[in-house]
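Below you'll find the structure, written out as structure tokens, and then a few comments.
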Amino acid sequence: MAIAFDNSYARLPARFFAAVRPLESPSPTLIAANDVLAADLGIDPDWLHSPAGLDVISGRAIANGSEPIAQAYAGHQFGNFQPQLGDGRAVLLGEVIDRAGKRRDIQLKGSGTTPFSRSGDGRAALGPVLREYLVSEYMAALGIPTTRALAAVTTGDAIMREEFLPGAMLTRVAASHIRVGTFQFFAARGDVEGLRLLADHVIARHYPAAKTAQNPYRALMDAVIAAQAALVAKWLNVGFIHGVMNTDNMAVSGETIDYGPCAFMDHYDPATKFSSIDRAGRYAFGNQPRIALWNLTRFAETLLPLFEGDEEAVVAEAQTALSAFPPAFELAYFGGLSAKIGLPSASAEAAAQNRELIEALLVRMTENQVDFTLFFRLLAKAVTGEDEPVRALFVDPTAFDDWARDWRQRLAADGQDAAARRAAMERVNPAFIPRNHQVEAMIAAAVQREDFAPFHRMMDVLSRPFTDQPDAADLAQPPEPHERVAATFCGT
Ligand code: AMP
Ligand code: MG
């Protein structure tokens with residue numbers, strides 16, 4: 001068997017999914033295959049590159065042991081509840097147990113219509129597939145929990161968007177594709193039995209320690225809240241904007257999922273948003289923690305029918321669980337930023353002082369339109385006396401000098417060796433991010449000229465985000481004013 005499937009979700013009751021066959025790509029071509037990930041999943045990379053492998057990742061053949069299904073879910077989209085969403089352009093091929101003993105989903109995205117497609121065509125255009133491949137693998141390279149990209153193909157079909165575009169399929173790997181919206185699907189139907197089966201499945205799969213807790217469902221709630229607080233803090237520490245934080249795009253595993261109009265911020269501004277469909281900025285950079293808590297509140301509501309006790313007591317318990325989010329987020333967020341400025345905080349007192357310093361910094365960065373990534377990368381040089389590169393990022397460089405006086409006082413009080421501090425900062429502050437204008441240029445090359453060289457080059461450089469790569473200095477550059485990308489599209 002090329003892939004050792006063991007499909008636990010397909011063993012759940014029939015109302016959890018619909019059995020579907022992926023669409024057969026007419027003439028697929030492999031764009032990229034992730035050999036390291038394949039090996040982790042027990043899949044022979046040579047098979048993945050073979051005609052038999054290509055058939056499976058382009059929908060032309062069903063691998064032995066695969067039971068393709070589209071998963072049912074619901075969700076709040078921009079705050080409005082949709083009781084019926086589901087995989088409208090994706091098919092779960094099945095699950096495998098990876099080399100570390102973890103269960104992982106293997107899914108095709110862009111694989112044709114399903115009973116959940118509504119008016120959509122079930123397809124994916126090449127651009128969004130390349131963006132998801134690149135950005136999800138970049139997140140993995142940073143050590144941020146994320147779904148992964150196992151392979152991408154062009155299908156040989158043209159699909160209709162605003163214009164005809166090349167069709168593509170992504171093979172995505174996830175701890176699971178279970179979303180807050182999956183819980184909402186059953187809650188909205190008053191299907192308490194379905195909820196319980198889903199919750200037990202998620203506990204067994206993602207949070208086994210919850211099983212032996214006094215109230216396993218409360219423990220599940222706590223675990224998902226903690227995982228999301230940690231995740232969103234990591235996003236903010238690297239300038240990531242998800243773009244569509246609908247409840248159906250939030251995985252209960254705590255992995256980043258559903259890369260649509262996502263982007264990394266160039267100059268720091270908490271109001272930054274790129275998604276063309278997010279007109280009001282609901283999912284703007286600085287709103288993400290608040291939205292995560294809003295989504296988690298919807299998640300907690302779905303679990304209430306599984307709690308014992310009268311309504312008042314049950315609601316109070318959920319509120320207690322949710323009240324853990326802000327402090328957990330802040331601890332992780334300011335802890336991450338402290339490390340970024342070279343002051344990993346050991347004590348609560350040091351953490352409070354760091355927080356003040358960080359908040360003062362972020363105000364100055366906003367006022368001076370400072371590039372978020374370059375600031376921290378170049379701040380490391382200032383530790384060993386090279387101030388000019390980081391100063392020059394500020395519209396008014398004296399704004400840096402004023403802040404740096406307070407920063408240096410804290411460094412002196414901390415007393416770590418300068419070279420060691422600089423090295424530690426360079427290990428947490430990436431030199432490279434997938435710059436939005438470069439991602440757009442990479443997509444244009446592939447779509448307009450069938451030139452995948454920029455994609456492969458970015459994949460290569462971004463796989464080592466913490467290493468200075470002089471040959472790729474252009475990829476570290478922020479956009480010139482005329483290169484700035486105003487909006488990103490999810491291409492659905
Ligand atoms: P998302 O863009 O991930 O937030 O998708 C929201 C919902 O729309 C999900 O149910 C998707 O499966 C569905 N959807 C998105 N694009 C398509 C498409 N091209 N065809 C069918 N369904 C789609
Ligand atoms: Mg989605």
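A few notes on this one:
- Within the stretch 249-285, being among the acidic types (Asp, Glu) and within 16 Å of ligand 2 (Cβ to nearest atom) holds for Glu255, Asp258, Asp278.
- Count of the stretch 306-326 residues which are exposed (fewer than 13 other Cβ atoms within 10 Å of the Cβ) and in contact (Cβ under 8 Å) with a residue 40 or more places away in the chain: 1
- Criterion (at pLDDT 95 or above, open to solvent by less than 50 Å² (accessible area, probe 1.4 Å) and β-branched (Val, Ile, Thr)) met by exactly one of Val485, Val447, Val428: Val447
- Test for Thr154: is it at pLDDT 95 or above, assigned by TED's automatic domain parsing to the domain that holds Ala33 and either surrounded by 24 or more Cβ atoms within 10 Å (Cβ to Cβ) or farther than 25 Å from Pro22 by Cα (or both): no
- Once the stretch 111-123 is narrowed to residues that are away from ligand 2 (no atom under 15 Å from the Cβ) and of a type in the set (Ser, Thr, Tyr), the residue that is surrounded by the fewest Cβ atoms within 10 Å (Cβ to Cβ) is Ser119.
- Checked against (1) open to solvent by 30 Å² or more (accessible area, probe 1.4 Å); (2) under 27 Å from Gly167 (Cα atoms); (3) not in a helix (DSSP H, G or I), Pro434 passes all but condition (1).
- Filter result for the condition that a residue is surrounded by 19 or more Cβ atoms within 10 Å (Cβ to Cβ), at pLDDT 95 or above and assigned to a loop (DSSP other than H, G, I, E, B), over Leu343, Leu361: Leu343
- Residue among Ala251, Ala271 that is within 23 Å of Gly336 (Cα to Cα), without any contact (Cβ under 8 Å) to a residue 24 or more places away in the chain and under 20 Å from the mean Cα position of the chain (by Cα): Ala271
- The set of residues in the stretch 260-305 being small (Gly, Ala, Ser) and open to solvent by 50 Å² or more (accessible area, probe 1.4 Å) consists of Ala271, Ala280.
- Selection over the stretch 208-255 of residues that are in contact with an Asp or Glu (Cβ under 9 Å, 6 or more places away or on another chain) and either closer than 21 Å to Val173 by Cβ or within 16 Å of ligand 1 (Cβ to nearest atom) (or both) gives a count of 10.
- Selection of helices (runs of 4 or more DSSP H) fully inside the stretch 178-254 by the criterion of at least 1 residues being open to solvent by less than 10 Å² (accessible area, probe 1.4 Å), more than 22 Å from Trp294 (Cβ to Cβ) and modelled with pLDDT of 95 or more returns 192-206.
- With a requirement of 2 or more residues that are buried (at least 19 other Cβ atoms within 10 Å of the Cβ) and among the hydrophobic types (A, V, I, L, M, F, W, C), the strands (runs of 3 or more DSSP E) lying completely within the stretch 1-110 that satisfy it span 29-33, 69-71, 90-97, 103-109.
The values are calculated or read from the model by the stated rules, or taken from the named source; none is laboratory data. Since the structure is predicted, the reported quantities are computational estimates derived from the model, not experimental observations. When we count neighbours, we look across all protein chains shown, and the Cβ atoms used for this are built from the backbone with ideal geometry, even at glycine. Areas reflect the complete protein model, heavy atoms only, side chains present, ligands, DNA and RNA absent. Shrake-Rupley method; radii C 1.70, N 1.55, O 1.52, S 1.80 Å.
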